[in-house]
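Engineer: The structure's right below; bear with me while I get my questions together.
The values are calculated or read from the model by the stated rules, or taken from the named source; none is laboratory data. Please read these numbers as outputs of a predicted model, since none were measured by experiment. So basically every Cβ, Gly included, is an ideal-geometry build from the backbone, and we count neighbours across all protein chains shown.
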Amino acid sequence: MRTVAVLGATGSIGASALDVIARHPDRFRAGVLAAHRNVEALAALCAKFRPDLAVIADAALEADLRERLRSAGVTTRVTAGADALVEAATDKRCDTVVAAIVGAAGLASTLAAARAGKRLLLANKEAVVMAGPLLRDALDAGGGALLPIDSEHNAVFQCLPADRASLDAAGVTRILLTASGGPFRGRPRDTLGSVTPEMACAHPNWTMGRKISVDSATLMNKGLEVIEAHFLFDARPERIEVVVHPQSIVHSMVEYADGSVLAQLGNPDMRTALAHALAWPERVAAGVAPFDLLGIGRLDFEPPDRTTFACLDLAYRALAVGGSAPITLNAANEEAVAAFLDGRLPFLAIPEVIESTLETLPAASAVTLPEVLDADLTARRVAQRIIASAKG
């Protein structure tokens, strides 16, 4: 029986994880549930799953959560705040942690879970982008396992040999990350000036949160995944390529020296990757509809439009520079996307804010957590000033 802490339980990935957990009560139990501010949804999940611990990141909502659980007769213990998230990630009753908190807010709890030797199911790509070397050190110190649950990196994980010493030793020549192209695939830049948040969040294949949906629309999601693949698989940037695949059926591919290309295919449903990671090295049912290759009929591939969607090249540039550059990239993107979703920034200005922030801040050392957090905060402040200037 695996006891699972789901950090980000009220989001789309958390919902998918809990769906898989509920399908296998003999194998999995939700021992900890954590959310940012959605008290109502978290209380409902506690009533259903009866975890040992519930965490609300916004400490101002702790009393509300306690009262909701008390009224429902739920005896789950309640804690709140950023430190409580770290405690949840290291709870001794849980051997598995689903790290699904969006953005930089999930960094501390992800590192804590790694240091504690948990089986870490990682959906928080920002933690890898900001602190890839720190995460690897934490995993080495804790002795746990990291299983990526982004569909693309989970696909790569499945296509690589489990006993590889390195990609070179395994004969890997390329990692091919597939991208749906988002809701604006094929549209030229001059048609995107009036894009609204609703339009950007209308992903053609996946049901995701608003921030990651916008990242998909700008292709920044794929740029972050390139950086993530570099750290997760120790892959050189020139060996990581992005291919647009609008059907979202081939989730990624790995090319080998003998000419073989292994691909992982499946319906676009996060429960496949989650079921794989929860049960690994075994396989369990995920609740996903059977894969109908004949019904799909065709699989298309094309290069990304790097002119219209400049975020992809900005990510490659930040990875090449190294140091704090990926942290700056991520922080500026989070601020720009938040401004766009709030109606304070046009869609096409998102990559402009990111590029300006990267140009303003030269890359510096970022090998300790304080350095990472300082670089993140500095980049956010610069990005906010650029956004305010653009609005003015």
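Engineer: Which of the residues belonging to region 1-47 are more than 23 Å from Asn154 (Cα to Cα) and acidic (Asp, Glu)?
Structural biologist: Once the filter is applied, which keeps residues that are more than 23 Å from Asn154 (Cα to Cα) and acidic (Asp, Glu), region 1-47 yields Asp26, Glu40.
Engineer: Quick check: is even one residue across region 77-92 closer than 22 Å to Val20 by Cα, part of a loop (DSSP other than H, G, I, E, B) and among the hydrophobic types (A, V, I, L, M, F, W, C)?
Structural biologist: no
Engineer: Counting only residues that are free of Cβ contacts under 8 Å to residues at least 40 places away in the same chain, over 14 Å from Lys118 (Cβ atoms) and part of a loop (DSSP other than H, G, I, E, B), how many does region 132-161 have?
Structural biologist: Residues that pass the stated criteria total 1.
Engineer: I would also like to ask the following. Hey, does region 113-128 have a residue that's over 23 Å from Ala275 (Cα atoms), over 14 Å from the mean Cα position of the chain (by Cα) and modelled with pLDDT of 95 or more?
Structural biologist: Taking every residue of region 113-128 in turn, at least one turns out to be over 23 Å from Ala275 (Cα atoms), over 14 Å from the mean Cα position of the chain (by Cα) and modelled with pLDDT of 95 or more.
Engineer: Could you check region 173-190 and list, in sequence order, the residues that are over 24 Å from the mean Cα position of the chain (by Cα) and either in contact (Cβ under 8 Å) with a residue 24 or more places away in the chain or not in a helix (DSSP H, G or I) (or both)?
Structural biologist: Those that are over 24 Å from the mean Cα position of the chain (by Cα) and either in contact (Cβ under 8 Å) with a residue 24 or more places away in the chain or not in a helix (DSSP H, G or I) (or both): Thr173, Gly186, Arg187, Pro188, Arg189.
Engineer: Under 6 Å by Cβ, and 6 or more places apart or on different chains, what pairs join a residue from region 17-42 that is modelled with pLDDT of 95 or more with one that is among the aromatic types (Phe, Trp, Tyr) and buried (at least 17 other Cβ atoms within 10 Å of the Cβ)?
Structural biologist: Ile21/Phe28; Ala30/Phe49
Engineer: Pairs only if they're at least six apart or on different chains, beta carbon under 7 angstrom, first in region 292-311 and free of Cβ contacts under 8 Å to residues at least 60 places away in the same chain, second surrounded by 10 or more Cβ atoms within 10 Å (Cβ to Cβ) and part of a helix (DSSP H, G or I); list them, first residue then second.
Structural biologist: Arg306/Leu312; Arg306/Asp313; Ala310/Pro351
Engineer: For Val214, all conditions in the list (1) aliphatic (A, V, I, L, M); (2) surrounded by 22 or more Cβ atoms within 10 Å (Cβ to Cβ); (3) at pLDDT 95 or above; (4) within 19 Å of the chain's Cα centre (by Cα) hold save one; what is the number of the exception?
Structural biologist: So the condition that Val214 fails would be (3).
Engineer: Here is a further query. Free of Cβ contacts under 8 Å to residues at least 60 places away in the same chain, farther than 20 Å from Pro183 by Cβ and surrounded by 17 or more Cβ atoms within 10 Å (Cβ to Cβ): does that describe Glu359?
Structural biologist: Criteria not met by Glu359.
Engineer: Now a separate question. Which condition does Lys118 not pass, out of (1) touching an Asp or Glu at 6+ places or on another chain (Cβ under 8 Å); (2) on the phi < 0 side of the Ramachandran plot; (3) in the same structural domain as Glu255 (by TED's automatic domain parsing), if it passes all the others?
Structural biologist: (3)
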